[in-house]
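Q: Encoded as structure tokens, here's the structure I'll be asking about.
Derivation of every value follows stated rules applied to the coordinates shown; laboratory data play no part. What you are looking at is a predicted structure, and each value in this text was computed from that prediction instead of being measured.
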Amino acid sequence: MNLTDTEIAGSPVYYPHTFDAEADRVLLVRLSAADYRLSGFLDSRLLAPGMTGAWFDYAPVAVSAQRIVPRPLHLIFHTGHVGSTLLSRLLDEVPGVLGLREPHPLQTLAGMSDQTPGAEAYLARLETFLRLWSRGFEATGTVVLKATSIAGRISPDIFKALPEAKAVYLNLPAESYIAANLAATSGPADLKIFEALRHILLSARLGRSLPQGGSAGELAAIAWMVERDSLERAKAAGGRRVLLLDFEVLLADLEGNLAQVLRHFDLPPVADRLAKSPALGRYSKAPEQLGFSPEARAERIAQARGRFAPEIEKGLALINALQPDK
């Protein structure tokens with residue numbers, strides 16, 4: 001696949017699916033506007049037989065990125081299992097919005113930051129990918145990128161690179177967060193995926209090594225502590241550019257809080273329509289699955305509080321032991 005600067009810079013049709021930091025290469029995959037809209041995650045789950053794609057050296061892609069005329073790019077950060085995919089899909093229904101859900105290179109860039117924080121090479125590549133993510137189709141007025149939860153730790157660098165960007169940071173209090181993770185179908189598996197990394201991050205933040213492992217409730221507690229730290233760093237870096245939003249509060253007054261999000265992102269005032277969206281009754285990560293209304297979610301969380309009460313207590317005890325001020 002041979003591409004010109006104009007083809008790369010002019011449209012999000014050629015999506016930067018993967019960044020190989022070691023080889024300094026970018027995998028560009030051809031996507032339509034419908035592909036973006038249907039995709040729950042812009043990672044390996046997106047790839048399908050017959051897709052067109054090819055690897056390119058980073059340097060020429062970076063040159064092409066400098067020619068991009070960027071659209072406004074805003075962000076959804078979140079602590080995990082707090083409704084971020086639902087919010088992203090609802091914003092997809094706003095005229096002129098292009099939603100990007102969990103682009104995998106952002107995780108790779110976060111890893112680069114861990115190894116060489118503030119390094120010129122890392123910051124240059126972050127800027128390049130942010131420019132690539134700011135491209136739009138003809139009808140695109142604003143891009144809203146939903147990050148993977150673990151990538152929230154580089155939000156201060158993103159705010160510095162994008163002075164006009166705003167963000168919503170979805171979150172839950174510790175007890176609700178632990179219950180939500182234990183109740184979610186993919187919750188325990190998701191906790192295991194980032195278990196080792198979160199132990200490293202929390203150990204570094206506390207200044208002492210933490211033992212590996214833990215029960216499900218304790219792993220959820222560690223996840224909450226790590227992601228809460230990222231939230232606090234984002235708020236410190238972004239100030240009023242960051243709207244903190246408790247997911248349970250969002251659901252309690254859906255139309256009112258969606259109106260607040262739309263104002264924050266300078267988007268059309270269509271909260272009344274979004275509050276009636278069919279997306280609210282579907283599983284956001286797999287829209288073909290029905291029965292996921294706010295009421296159904298509340299019922300599942302209530303059941304989880306009873307079923308997993310001992311694990312929730314273990315998690316809260318760990319938070320109190322490690323962070324008594326929380």
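Q: Which value, to two decimals, describes the C-alpha radius of gyration of the chain once divided by 2.2 N^0.38 Å?
A: Details: Rg = 19.5 Å, N = 326, 2.2 N^0.38 = 19.8 Å.
With N residues counted in the chain, Rg over 2.2 N^0.38 Å equals 0.98.
Q: Right, something else. Report the Cα centroid-to-centroid distance between segment 180-215 and segment 228-261 in angstrom, as an integer.
A: With segment 180-215 and segment 228-261 each reduced to a Cα centre, they are spaced 23 Å.
Q: Report ³J(HN,Hα) in whole Hz for each residue of segment 251-257, in order, from the Karplus equation J = 6.51 cos²θ - 1.76 cosθ + 1.60 where θ = phi - 60°; Gly and Pro get x.
A: With coefficients 6.51, -1.76 and 1.60, one gets 5, 5, 9, 4, 5, x, 6 Hz.
Q: Here's something else I'd like to know. Return the long-range amide H neighbours of L75 (sequence gap of 5 or more, or a different chain), with a cut-off of under 5 Å between placed amide H atoms.
A: Under 5 Å from the amide H of L75: L145, K166, A167, V168.
Q: Quick check on the chain: helices-only [θ] at 222 nm, where DSSP H runs of length 4 and up contribute -39,500 (n - 2.57) each and the sum goes over total residues. Nearest 500, please. Each step should come with its number before you reach the end.
A: On the way: 16 runs with 162 residues, N = 326.
So the helix-based figure for the chain works out to -14500 deg cm²/dmol.
Q: Follow-up. Check R101: other-chain or 5+ apart residues with amide H under 5 Å from its amide H, H built from backbone geometry?
A: Close amide H contacts, sequence-distant or interchain: L42, K146.
Q: Tell me which residues come under 5 Å, amide H to amide H, from R282 once H is placed; ignore anything under 5 positions away on its chain.
A: Counting only residues 5 or more places away or on other chains, the set is F292.
Q: Take a quick pass over the chain and tell me how many lysine pairs come in under 29 angstrom between Cα atoms, counting only ones 8 or more apart or on separate chains.
A: Value for the chain: 23.
Q: Further question: Using the Karplus curve 6.51 cos²θ - 1.76 cosθ + 1.60 with θ = phi - 60°, work out ³J(HN,Hα) for each residue of segment 301-306 in order, rounded to whole Hz, and write x for Gly and Pro.
A: 5, 4, 5, 5, 4, x
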